[in-house]
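Data first, discussion second: the structure below is written as structure tokens.
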Protein chains: 2
Amino acid sequence: MSEPIFILKGNIVYSRNEKELAIYEHGYLVCRNGKVDGIYQTLPFRLGGNPIRDYGDCLIIPGLVDLHIHAPQYSYRGLGMDMELLEWLEVNTFPEEAKFESVDYAKKAYGIFVENLRRSATTRACIFGTVHRPATLLLMDMLEKTGLDTYVGKVNMDRNCPEYICEETQESADETLEWIKDVNHRKYQNTHPILTPRFTPSCTDELMEELKKLQMRYDLPVQSHLSENPGEIAWVKELCPWSEFYGDVYDRFGLFGADCRTVMAHCVYSDDSEIARMKENGVFIAHCPESNMNVSSGIAPVRKFLEEGLHVGIGSDVAGGSTENLFRAMAHAVQSSKLRWRLQDDSLEGLTAEEVFYMATKGGGEFFGKVGSFEPGYEFDAVVLDDSRLKHPQPLDIRSRLERMIYLADDREIRAKYVKGQEIDLN
Amino acid sequence: MSEPIFILKGNIVYSRNEKELAIYEHGYLVCRNGKVDGIYQTLPFRLGGNPIRDYGDCLIIPGLVDLHIHAPQYSYRGLGMDMELLEWLEVNTFPEEAKFESVDYAKKAYGIFVENLRRSATTRACIFGTVHRPATLLLMDMLEKTGLDTYVGKVNMDRNCPEYICEETQESADETLEWIKDVNHRKYQNTHPILTPRFTPSCTDELMEELKKLQMRYDLPVQSHLSENPGEIAWVKELCPWSEFYGDVYDRFGLFGADCRTVMAHCVYSDDSEIARMKENGVFIAHCPESNMNVSSGIAPVRKFLEEGLHVGIGSDVAGGSTENLFRAMAHAVQSSKLRWRLQDDSLEGLTAEEVFYMATKGGGEFFGKVGSFEPGYEFDAVVLDDSRLKHPQPLDIRSRLERMIYLADDREIRAKYVKGQEIDLN
């Protein structure tokens, strides 16, 4: 256990809002009972007796939040990058995910994933498992041990997928119920269940209805995919001709925000109606820029989401994305937004470093509650970055050092990590 | 000195051509007098007595070739990524490059650059310095010591730049001559001069004529920038109304291939006439995908260049690009080509892993002669990659392991590096 009060010293940076950083050079960040108590340039006399961990000239930022990542796909990160979404699912994803029927394979594969996530700058994540209940529980057991705070979902899919990985509708619902009971029985501190219908093309209406029952019974949040690829969207329209737009399908089944917290990955092609509904329902968007490049999806209109005041966070979307490193995802978000401005719509300017940092911290953090900021009362998730490996001849201010991290940081820069005031073992 | 004959053992991969990899699992790569002698699955009896360096299950690939990088900009890599080209030059580039008037500053800054380039997978590079002769010579001295084989240019610019960094026309020509003499006097083994007019907007016609005289007198190659940004291109048209297209300006002065080896960075907006001229003149294109994203330039039609049979290599273009890591540049090339297909022109398919690997090895290597391949007679540039840090639960074939490297490798994967048969110190 941590002390009830302890203090980190360093160059503290967090997002006041999407436009503005709060920066405290050589400041004191106070943790009290797992929450941020305050930041001080000079430590108040009354706090004098508490332990101080002095990180010298390091940067201290809120922990990063990955709103969308597939644990079983970690094994083929950086592979098979020559297909669009639907073909890619069939050729790469389903055969690999099928292997997780074996708990032995899952142990090996998830061991690698969990170890690397633990060592990354990520403190919170929304994670897809597979359809398999035992493997998903194993994944949750492993994540729980790391101290990271995560939502994990057993995937549901009962149509339009190969037989070897397709569930029967009732089986899918029953297994999900059993999985929820198993999870509740385990009384995790940091690992929470989230309903995870893969996406509309692989879930029948009946299954959606069953999931809604479970959602209400256990008050669960929901994660899924939305408007990622033109072929996918046309398919959804075919499968659900009654829908106004793709997101409307989830909404008809009560799995699209409003009374249940929901995060939807991608939203590359969300039109005004879909955007309006997401806003109305408070749906979170997981922007996954690398994945959207790698499977040739396109570029989401993130600036528009921000201007409309939607909840937007960042997702690594491994293995559509190649890495769990969210700094890389932030850089990709800036980069692809500039190409969108240049090639598609010059009314939406490229994203700034401030904006993507906001999305990777407070923007996504809100899905977890008061997370992703160092304002008082927020949960104490912090990452200490030692950027001394990345030498430079000139002096750099803190804001510049943060921008460099977005482009250049990897796990070598991470000197310490805290989740809810608990230090995470990085070894 | 190396032995006249030595042998590397490992999983050998190189590009036969832009479509096809040559792969030798646990093969023997023989170096004789700094050149590739051959590859064998079983070592011939006659070679039995020669030293073998067994790299176990590592990958062995040709050294990577960076066709475009700015040494003085390395200090602000990953910074100031919120402007288009011309503003970015004015705000970030010129003030930083001006500092290299001080040899002390250059020593510090170039020391960092050279050390990191040495430790990267790059074995060959075309490098921009600054306008300053002493600093550029210092850079060349430092590079020579690494054993890397590079072209380095003292930059020329005599118009349209701040006074503090602008040369007089005659001064620019004279300094360039003195610099060439200095370089020749030093008798470098691995470090070669290359004429480096910054780009048309910053070089008068008179300066171009002077540079052509030097080019002929010393038979020097040329590097510059071409058709990167719409604003830049419009400006060139204004400055040189007589030109048929941007590249035609360089060509009128005899600095565009044909009788002098030339590499042009970017070519994002090269039209059919410019492409035809580059083909006719044998101009090399340095494709710099990250830079083209970061300064919002656009995406070059690389597939078209390849189909037309042009010489295309890869450039990191630090600090338009954020990193000297050419694996990252290869990934960016694949990624941005897919966005181009999706958003701009679906007649040009995205690039494959094979194609970008070809560009980063043999495609760019041809600028240096017989470089970038393990075919017999090629110069022996090799990089040994230990990918064991990047764990995976399933078996992977060699081609897959190479694709992963493109997305995931950094300097941690580089176990050894050879240039012309000499091992490079990576410590």
The one condition in (1) within 20 Å of the chain's Cα centre (by Cα); (2) at the interface with chain A (Cβ under 10 Å from one of its Cβ atoms); (3) assigned to a loop (DSSP other than H, G, I, E, B); (4) more than 22 Å from B:Ala22 (Cβ to Cβ) that B:Ser337 fails to fulfil: (3)
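Determine which member of the set A:Tyr28, A:Tyr14, A:Tyr74, A:Tyr105 is among the aromatic types (Phe, Trp, Tyr), at pLDDT 95 or above and under 22 Å from A:Glu366 (Cβ atoms).
Working: A:Tyr28 fails: under 22 Å from A:Glu366 (Cβ atoms); A:Tyr74 fails: under 22 Å from A:Glu366 (Cβ atoms); A:Tyr105 fails: under 22 Å from A:Glu366 (Cβ atoms).
Residue meeting the stated conditions: A:Tyr14.
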Total residues in the range A:402-427, condition more than 14 Å from every other protein chain (Cβ to nearest Cβ), at negative phi and out of contact with any Asp or Glu (no Cβ under 6 Å at 6 or more places or on another chain): 10
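Yes or no, residue by residue, for (1) part of a loop (DSSP other than H, G, I, E, B); (2) closer than 19 Å to A:Thr122 by Cβ:
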{"position": "A:Gly372", "(1), (2)": "yes, yes"}
{"position": "A:Glu375", "(1), (2)": "yes, no"}
{"position": "A:Val384", "(1), (2)": "no, yes"}
{"position": "A:Asp387", "(1), (2)": "yes, yes"}
{"position": "A:Glu403", "(1), (2)": "no, no"}
{"position": "A:Tyr407", "(1), (2)": "no, yes"}
Failed item in (1) within 12 Å of chain A (Cβ to nearest Cβ); (2) surrounded by fewer than 19 Cβ atoms within 10 Å (Cβ to Cβ), with B:Gly369 passing the rest: (1)
Qualifying residue in the range B:152-171 (condition: touching a strand residue (DSSP E or B) at 6+ places or on another chain (Cβ under 6 Å) and over 15 Å from B:Leu255 (Cβ atoms)): yes
Test: residue in the range A:322-333 that is open to solvent by less than 40 Å² (accessible area, probe 1.4 Å), among the β-branched types (Val, Ile, Thr) and in the same structural domain as A:Cys260 (by TED's automatic domain parsing): yes
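For residues in the range A:161-174 being part of a loop (DSSP other than H, G, I, E, B) and crowded, with 18+ Cβ neighbours inside 10 Å, which is modelled with the highest pLDDT? Let's see the steps before the verdict.
Initially, the range A:161-174 is screened for residues part of a loop (DSSP other than H, G, I, E, B), giving A:161-162, A:166-168.
Of the ones still in play, those that are also crowded, with 18+ Cβ neighbours inside 10 Å are A:161, A:167.
Details: A:Cys161: 93, A:Glu167: 98.
This residue is A:Glu167.
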Residue tally, condition closer than 22 Å to B:Phe368 by Cα and of a type in the set (S, T, N, Q), over the range B:131-167: 3
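Residues checked against (1) over 24 Å from the mean Cα position of the chain (by Cα); (2) at pLDDT below 95; (3) outside the structural domain of B:Ile180 (by TED's automatic domain parsing):
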{"site": "B:Pro221", "(1), (2), (3)": "no, no, no"}
{"site": "B:Ser227", "(1), (2), (3)": "no, no, no"}
{"site": "B:Gly231", "(1), (2), (3)": "yes, no, no"}
{"site": "B:Glu238", "(1), (2), (3)": "yes, no, no"}
{"site": "B:Gly247", "(1), (2), (3)": "no, no, no"}
{"site": "B:Tyr250", "(1), (2), (3)": "no, no, no"}
{"site": "B:Phe253", "(1), (2), (3)": "no, no, no"}
{"site": "B:Asp259", "(1), (2), (3)": "no, yes, no"}
{"site": "B:Val263", "(1), (2), (3)": "no, no, no"}
Those helices (runs of 4 or more DSSP H) lying entirely in the range A:84-157 with at least 3 residues more than 13 Å from chain B (Cβ to nearest Cβ) and crowded, with 20+ Cβ neighbours inside 10 Å: A:133-146
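Do we have B:Lys391 as more than 12 Å from chain A (Cβ to nearest Cβ) and basic (Lys, Arg) here?
Working: more than 12 Å from chain A (Cβ to nearest Cβ): no; basic (Lys, Arg): yes.
Against the criterion (more than 12 Å from chain A (Cβ to nearest Cβ) and basic (Lys, Arg)), B:Lys391 does not qualify.
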The range A:23-48 residues that are at positive phi, paired with ones that are among the basic types (Lys, Arg) and surrounded by 15 or more Cβ atoms within 10 Å (Cβ to Cβ) (beta carbon under 6 Å, 6 or more apart): A:Gly34/A:Lys420
Members of the range A:352-365 found to be among the hydrophobic types (A, V, I, L, M, F, W, C), in contact with a Leu (Cβ under 8 Å, 6 or more places away or on another chain) and within 11 Å of chain B (Cβ to nearest Cβ), listed by number: A:Ala353
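Return the only residue of B:Arg399, B:Arg342 being within 13 Å of another protein chain (Cβ to nearest Cβ), at pLDDT 95 or above, open to solvent by 20 Å² or more (accessible area, probe 1.4 Å) and in contact with a Ser or Thr (Cβ under 6 Å, 6 or more places away or on another chain).
Values: B:Arg399 fails: in contact with a Ser or Thr (Cβ under 6 Å, 6 or more places away or on another chain).
Exactly one of B:Arg399, B:Arg342 is within 13 Å of another protein chain (Cβ to nearest Cβ), at pLDDT 95 or above, open to solvent by 20 Å² or more (accessible area, probe 1.4 Å) and in contact with a Ser or Thr (Cβ under 6 Å, 6 or more places away or on another chain), namely B:Arg342.
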Residue tally, condition of a type in the set (A, V, I, L, M, F, W, C), open to solvent by 10 Å² or more (accessible area, probe 1.4 Å) and out of contact with any strand residue (DSSP E or B) (no Cβ under 7 Å at 6 or more places or on another chain), over the range B:38-83: 3
From the options B:Val295, B:Val334, residue that is more than 26 Å from B:Leu402 (Cβ to Cβ) and in contact with a Leu (Cβ under 7 Å, 6 or more places away or on another chain): B:Val295
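The values are calculated or read from the model by the stated rules, or taken from the named source; none is laboratory data. Model, not experiment: these values are computed from the prediction. Cβ atoms come from the backbone with ideal geometry, glycine included; neighbour counts cover every protein chain shown. Ligands, DNA and RNA are excluded from the accessible area calculation, which covers all protein heavy atoms including side chains. Shrake-Rupley method; radii C 1.70, N 1.55, O 1.52, S 1.80 Å.
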